[in-house]
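**Student:** Mind looking over this structure? Questions follow.
The values are calculated or read from the model by the stated rules, or taken from the named source; none is laboratory data. Keep in mind the model is a prediction, meaning the values are calculated, not measured. All Cβ positions, glycine included, derive from the backbone under ideal geometry; neighbour counts span all protein chains shown.
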Amino acid sequence: MSDTAKTVALHGGLLALLFALGFLLPAYHHGNLARIMVLASYAIGYNILFGYTGLLSLGHALFFAAGMYGMGLAVQYLGLSPGPALTAGLVAGAIVAGAVGLLALRTAGVAFMIVTLMFAQAGYLTVLYFGAFTRGDEGFVLQQAQRVLWGIDLSDPVHRYFAAFALFATCLAAVLWMVHRPFGKVLIAIRENEDRARMLGYDVFAYKLAAVILSGTISAAAGAAYGLLFGYVGATFASVQYSIFPLLWVLLGGAGTVLGPFIGTLFMFYLIDLSSGITTAYMLIAGVVLVLLTLFAPQGLAGELRKRIWRGLP
Amino acid sequence: MDIGPYLLLASLEGAVTAAVLALTAVGLSLVFGVMRVVNVAHGEFFMLGAVLAWWVTSLVAGHAALGFVLALLVVPVMVGALAALADMTILKRIAYDPERTIVATIGILYIIQQVTLMTYGPDARPVEPPFNTRLALPWIEFVDGKPHIYWPWGLSTTTYKLGVIAAAVLVLIGVWLVMAKSRIGLIMRATQLDRDMALAFGIPVERVYALVFGLGAALAALAAVLIVPIQQAHYLMGGDPLLLSFIVVIIGGLGSLPGTVVAAILIGLSDGIISVFFSPTLAKILATLLVALVLVFRPQGLFGVRRA
């Protein structure tokens, strides 16, 4: 089998499996998997910047929340229907990402991590500051009537699952396409050796900015979808924790792989789900996994797969 | 009452914040300066200091001062040892790679925080101050051109708060003496200047790193022991000191100790004064954005010099 055929079979197979699971799973896991697919889309967005471009952001919750609040506030206060509201979320995410990118990309390495962390913290505090509209930590609930997209009621579990599936499939396909295009290859070149990429004549800053905006917009799409599908918009999603989660998922699954974000999200979600039955201190698991990953498997699960089984894994 | 007494009160509260902040931030700055890594778990070492101070004082019966002095001596050593252990088992193994260190210390942050939640619980608990006398302060007012001393209601501080400021100043002088005058300080500065050259001269760089990491954490713990009679011990209390220390270290210039102290006083005082007049959330938003912009446009900090 050629590499292209293998790639199509692997990723198409996963999507077919997820589609089939939509009819087969019992209610509890059905709901979980819908959530995982939305969060994995967020991780896919994060992976574009971290895995492919080599920029470690600690502030992606800002983009996730920009999408979520851009959508949620538009529905709640402007009375928009979900279609235009989703667009509002995407636009909000793209604008925030563009602004953050223009400023933060002037720094590199550790300074980039801290600057993105600071911007996200300022964003979180802003959500709390305008508590009169955002209702702060408490958040607000989107009513069932506000969640009907093109006549499809997204609060219905089956519709919700396939909406999440559609989002995930779109993101996965987009990234798969991107890494086979020159644009994706330039990003990887920047990750591997920024000076050499610049010397070859690429406008490194423009490519990095495009990566930030693309990554931020996909994260915002996931945020907007999360708010719409699960009917809740709250400040928790803007907090530092939600900047750490995508890093954790991508590291666990394998940075710079197309499947990694999904694998990482799936594993972490069930790890926390199972452990929260035993203890309320479930973030302990996240901490331990982070430390173990940095120590023993910086490549993540899909990275190990690539190293041991198939070197051509995209 | 005019604005003067309010300002004095705010500056006194701000001075306490500044004193504690200076200790915490100098710990962070030391680690960054010598090891070139950012310790995101720094706030959790602060929290651990406060929680352990509560634990040690609760073990000791008798006068409050007895337990407190014991905590002051024992807790920083315990936290420092734990940090040194984390350095040797985790950070050393990833070769102090700057980015992986941040990820690893985020992991350590959650481990410390959540283990505290599991053992100590979600409650905030107070520690009794060793001495605590209320001091009312006078204010001078001019009535018809003549000075007139009076005692505004509410304008007061406590001996303990003044004690915290004094203790912080003493510790900072101690840190400066160690860094500038002692042999171990010389070794640390040599490691900071050129790691490889220090290694070539037979300096056990890895042991210096463990020591510095432990010392940084111990300073945070010490600050926490000092503040815990004023502020209660809680498992989530590490967030604010971490953020403020970051702000201070960045404004003061990464790795510069004098700059850090100046910035701590500046930020501590203005934090006290601003939060009297404005919403604390708004103050935090502005401070955070300011720091991000300082890092973007003046990465050497407001007081630092650009390295060649």
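**Student:** When the range B:1-56 is examined, which residues are found to be β-branched (Val, Ile, Thr) and under 28 Å from residue B:212 (Cβ atoms)?
**Tutor:** Correct list: B:16, B:17, B:20, B:24, B:26, B:31, B:34, B:37, B:38, B:40, B:51, B:56.
**Student:** As an exercise: evaluate residue B:94 against (1) more than 14 Å from chain A (Cβ to nearest Cβ); (2) without any contact (Cβ under 8 Å) to a residue 40 or more places away in the chain; (3) among the β-branched types (Val, Ile, Thr) and give the number of the one condition it does not meet.
**Tutor:** It is condition (1) that residue B:94 fails.
**Student:** In this structure, is residue A:31 at pLDDT 75 or above and either outside any helix (DSSP H, G or I) or under 18 Å from residue A:154 (Cβ atoms) (or both)?
**Tutor:** So residue A:31 passes the test.
**Student:** Kindly indicate whether any position in the range B:131-138 is out of contact with any His (no Cβ under 7 Å at 6 or more places or on another chain) and surrounded by 18 or more Cβ atoms within 10 Å (Cβ to Cβ).
**Tutor:** Checked the range B:131-138: no residue is out of contact with any His (no Cβ under 7 Å at 6 or more places or on another chain) and surrounded by 18 or more Cβ atoms within 10 Å (Cβ to Cβ).
**Student:** Now a separate question. Looking at (1) within 16 Å of residue A:46 (Cα to Cα); (2) surrounded by fewer than 20 Cβ atoms within 10 Å (Cβ to Cβ), find the lone condition where residue A:139 falls short.
**Tutor:** That leaves (1) as the condition not met.
**Student:** Same structure again: Name the single residue, out of those in the range B:18-48 being β-branched (Val, Ile, Thr) and under 9 Å from the mean Cα position of the chain (by Cα), that is farthest from residue B:237 (Cα to Cα).
**Tutor:** Filtering first and then ranking leaves B:26.
**Student:** Quick one: residue A:122 ticks every box in (1) assigned to a helix (DSSP H, G or I); (2) within 10 Å of chain B (Cβ to nearest Cβ); (3) closer than 23 Å to residue A:189 by Cα bar one, so which box is it?
**Tutor:** Against the list (1) assigned to a helix (DSSP H, G or I); (2) within 10 Å of chain B (Cβ to nearest Cβ); (3) closer than 23 Å to residue A:189 by Cα, residue A:122 comes up short only on (3).
**Student:** Another question about this same structure. In this structure, is residue B:27 under 25 Å from residue B:207 (Cα atoms), in a helix (DSSP H, G or I) and of a type outside the set (D, E, K, R)?
**Tutor:** yes
**Student:** Given (1) assigned to a helix (DSSP H, G or I); (2) modelled with pLDDT of 85 or more, identify the lone condition not met by residue A:75.
**Tutor:** All conditions are met except number (2).
**Student:** Taking the range B:276-299 on its own, how many of its residues are among the polar types (S, T, N, Q) and either in contact (Cβ under 8 Å) with a residue 24 or more places away in the chain or surrounded by 14 or more Cβ atoms within 10 Å (Cβ to Cβ) (or both)? Spell out how you get there, then give the answer.
**Tutor:** Within the range B:276-299, the subset among the polar types (S, T, N, Q) is B:279, B:281, B:288.
When the remaining residues are screened for being either in contact (Cβ under 8 Å) with a residue 24 or more places away in the chain or surrounded by 14 or more Cβ atoms within 10 Å (Cβ to Cβ) (or both), the result is B:281, B:288.
Total satisfying the criteria: 2.
**Student:** Just to be sure before I move on: is residue A:121 polar (S, T, N, Q), more than 30 Å from residue A:202 (Cα to Cα) and surrounded by 21 or more Cβ atoms within 10 Å (Cβ to Cβ) in the structure I sent?
**Tutor:** Here the answer is yes, as residue A:121 does meet what is asked.
**Student:** Given the options B:149, B:111, B:140, name the one that is of a type in the set (A, V, I, L, M, F, W, C) and within 14 Å of chain A (Cβ to nearest Cβ).
**Tutor:** Testing whether each residue is of a type in the set (A, V, I, L, M, F, W, C) and within 14 Å of chain A (Cβ to nearest Cβ) leaves just B:111.
**Student:** Which of the residues spanning the range A:268-306 are over 24 Å from residue A:32 (Cβ atoms) and either touching a helix residue (DSSP H, G or I) at 6+ places or on another chain (Cβ under 8 Å) or at the interface with another protein chain (Cβ under 8 Å from one of its Cβ atoms) (or both)?
**Tutor:** A:291, A:294, A:295, A:297, A:298, A:299, A:303
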